[in-house]
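The next block holds one structure in the form of structure tokens; read it before the comments.
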Amino acid sequence: MDWIIGIIFLIIKLGLVLIGLLLVAAYLVLVERKFLARLQIRYGPNRAGKFGLLQPIADAVKMMVKEDIVPAAADRTIFLLAPAVVAFTALLMFAVVPFGSDVMLGGRKIPLVISDLNVGLLLVFALSSLGVYGVALGGWASNSKYSLLGGIRGAAQMISYELSLGLSLVPIVMLARSFSLVDIVNAQADYPFILVAPVSFLIFIISAMAESKRIPFDLPEAENELGAGYHTEYSGMRFGLFFLGEYVHMQVLGALTAVFFLGGWRGPLLPPVVWLFLKIILIALVMIWIRGTLPRLRYDQLMALGWKVLIPVSLINIVVTGAILLM
């Protein structure tokens, strides 16, 4: 009976996390549109419901009922599957994100994480690397030169910044002595790692923004050059899946930043899940703020920043951190 109860609790946790991610992703779009509007001295969406609060529902309905067009010359199978790859890998990353410490329920200890893997960090990087396939295949299968250029840019960008993203977390693993995200949060019981690894934090947040294709790193989309980049030919709910993947990715990166540098769910007075949620929203707002402030980089500047600045600084940071730990 124990394994049956365990499966039931697992399904409940999966359902709650999935519903929460989708709801937050929908309203994160509204928050971004409102926040950018205020930065640009305008109102933003304010017609659907009070203060525009029903706008995400209106957008979801619009995407679901719009005609799903497949270009005649496209590779139909890959074209249809590519958006699902992007959304699926982004959602799966939350499988190892801890939402709090264990709680007792009916005499059973329930961990507030879907799966506490001892190699959770490696799983995150594996899924993040798989996400590039959706972008590259979507651009290639569309049989459009603009989409293909966007897909190639996306693949090159993700490969470049995945290196600095991974290297930035080596000092965190050295400090926590574990690849488990739960252990990394527990290692910050006395102080958050942002205080002792600020260079790692800066490299991680820059690389994470480039990984999620956010301005100033949105070269795979680049509407003034490529129309809309890798998803130019997509419409309806398949475009919605690309859109969903981007905003779930924002939540994932906010959660990972909180777990690696801000103490995860830890904080005074409020419940652990609330603290983690607030930290995720804070990181998302910073990313939106940067989007509304900085211009897009040129592609050569994007590559130069990754290969000539972030990766060398990451390597130096690893050596310095190791030396300090040994001393």
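The values are calculated or read from the model by the stated rules, or taken from the named source; none is laboratory data. Please read all numbers here as calculations on a predicted model, not as lab measurements. Cβ coordinates were reconstructed from backbone atoms using ideal geometry, including for glycine residues, and neighbour counts include every protein chain displayed.
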Enumerate the helices (runs of 4 or more DSSP H) found wholly within the range 178-238, keeping only those where 1 or more residues are under 18 Å from the mean Cα position of the chain (by Cα) and surrounded by fewer than 17 Cβ atoms within 10 Å (Cβ to Cβ).
198-211
Does ILE288 qualify as being in a helix (DSSP H, G or I) and touching a residue at least 60 places away in the same chain (Cβ under 8 Å)?
yes
Could you check, for the range 164-185, whether at least one of its residues is over 21 Å from VAL97 (Cα atoms), at pLDDT 90 or above and not aliphatic (A, V, I, L, M)?
no
Checking the conditions here, which among LEU269, LEU262, LEU297 is in contact with a Leu (Cβ under 9 Å, 6 or more places away or on another chain), more than 28 Å from ILE152 (Cα to Cα), at pLDDT 80 or above and aliphatic (A, V, I, L, M)?
LEU262
Among the residues of the range 21-47, what is the count of those that are farther than 26 Å from MET93 by Cβ, surrounded by 16 or more Cβ atoms within 10 Å (Cβ to Cβ) and aliphatic (A, V, I, L, M)?
1
In this structure, is ILE281 surrounded by fewer than 20 Cβ atoms within 10 Å (Cβ to Cβ), within 19 Å of the chain's Cα centre (by Cα), under 23 Å from GLN188 (Cα atoms) and of a type outside the set (S, T, N, Q)?
yes
